[in-house]
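The values are calculated or read from the model by the stated rules, or taken from the named source; none is laboratory data. Here the structure is a predicted model, which means the values were calculated and not measured. Cβ coordinates were reconstructed from backbone atoms using ideal geometry, including for glycine residues, and neighbour counts include every protein chain displayed. The protein model used for the area step is the full one, side chains on, heavy atoms only, and it has no ligands, DNA or RNA in it. Shrake-Rupley method; radii C 1.70, N 1.55, O 1.52, S 1.80 Å.
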Amino acid sequence: MKIKEIVFALERFAPLPLQEDYDNAGLQVGLTEAEASGALLCLDVTEEVIDEALSLGCNLIVAHHPLLFRGLKTVSDRNQVERCVRKAIQNDITIYAAHTNLDNAEDGVNFKMAEKLDLVDVQLIHPRQVRVKDGRHEYSVTAGSGVVGYVREPEDSLKFLQRIKSVFHVECLMHNELLQRPIQSVVICGGAGDFLLDTALRMEADAFLTGEMHYHQYFGHEQDIQIAVLGHYQSEQYTKEIFYSIIGEAFPALPVYVTATDTNPIKYL
């Protein structure tokens with residue numbers, strides 16, 4: 001199959017109009033008319049990831065974070081982004097990113113996080129309808145920037161935090177003081193999701209789970225809500241499983257690999 005068929009499957013699941021206006025999801029580098037030899041799935045595109053794709057015989061990289069988030073004025077070797085663009089073009093590798101469109105999609109990133117925590121009755125927060133054009137056809141899809149779900153049985157706050165740490169392999173889980181009531185309702189927003197903290201408070205959720213949050217936002221909510229901050233990479237690491245399901249189900253004969261490269265730039269001492 002051609003790479004454009006894989007792109008179509010990805011965009012059927014998470015249409016590009018679902019992305020935020022600051023984002024740059026979609027085709028990053030390369031041609032979609034080429035025949036796909038294999039796909040490598042990752043969170044971030046680095047030179048090591050491109051080398052891994054080459055070693056596996058893949059001419060398609062599907063990433064969560066766009067390589068080209070901001071425009072380039074030169075394509076040289078001054079930084080990692082420019083070097084990645086050059087290496088991909090030199091080796092005929094196509095790079096595609098599904099970012100906030102996948103965050104906002106039903107069964108997207110936040111649903112995957114909820115699934116990993118075994119939450120039930122998971123729903124989008126403030127769902128909205130987005131118009132999508134597909135050739136001559138136009139239709140509506142439901143989108144939302146976060147989800148709310150419920151633990152199956154009320155859970156002690158410390159046990160809940162310990163479970164998050166274990167499920168997401170978090171080396172250093174940041175949180176506010178332990179909530180002195182059981183956790184049941186949980187608001188989730190992967191990545192940099194601190195903008196949803198006030199929403200979670202208005203909903204009177206028991207816990208708020210995200211990847212990044214500013215220091216001063218921890219203050220003043222000591223017994224209002226249990227805040228848990230995993231780290232950006234840790235919160236979105238299972239996005240690769242979403243890609244794998246989409247591509248694997250649509251194209252079972254295509255070689256598909258999950259990167260073995262740890263692209264998290266943050267280390268813990």
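What the table shows:
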{"read-out": "Helices (runs of 4 or more DSSP H) wholly inside the range 192-260 containing at least 1 residues that are open to solvent by less than 40 Å² (accessible area, probe 1.4 Å), in contact with a strand residue (DSSP E or B) (Cβ under 9 Å, 6 or more places away or on another chain) and within 15 Å of L41 (Cβ to Cβ)", "value": "239-250"}
{"read-out": "The range 27-51 residues that are farther than 19 Å from R70 by Cβ and in contact (Cβ under 8 Å) with a residue 60 or more places away in the chain, paired with ones that are of a type in the set (K, R) and not in a helix (DSSP H, G or I) (beta carbon under 8 Å, 6 or more apart)", "value": "T32/K2; A34/K2; A36/K2"}
{"read-out": "Any hit, the range 57-73, residues being more than 17 Å from V7 (Cβ to Cβ), open to solvent by 80 Å² or more (accessible area, probe 1.4 Å) and at pLDDT 95 or above", "value": "no"}
{"read-out": "Only listed residue being within 24 Å of T239 (Cβ to Cβ), touching a Lys or Arg at 6+ places or on another chain (Cβ under 9 Å), without any contact (Cβ under 8 Å) to a residue 24 or more places away in the chain and not in a loop (DSSP other than H, G, I, E, B), chosen from V141, V81", "value": "V81"}
{"read-out": "Residue check, D92 modelled with pLDDT of 95 or more, open to solvent by 10 Å² or more (accessible area, probe 1.4 Å) and either among the small types (G, A, S) or out of contact with any helix residue (DSSP H, G or I) (no Cβ under 9 Å at 6 or more places or on another chain) (or both)", "value": "yes"}
{"read-out": "Meets criteria (loosely packed, with under 14 Cβ neighbours inside 10 Å and either more than 17 Å from the chain's Cα centre (by Cα) or not basic (K, R) (or both)) for K133", "value": "yes"}
{"read-out": "Residue list for the range 162-171, restricted to those being open to solvent by 10 Å² or more (accessible area, probe 1.4 Å), outside any loop (DSSP other than H, G, I, E, B) and in contact (Cβ under 8 Å) with a residue 24 or more places away in the chain", "value": "R163, V167"}
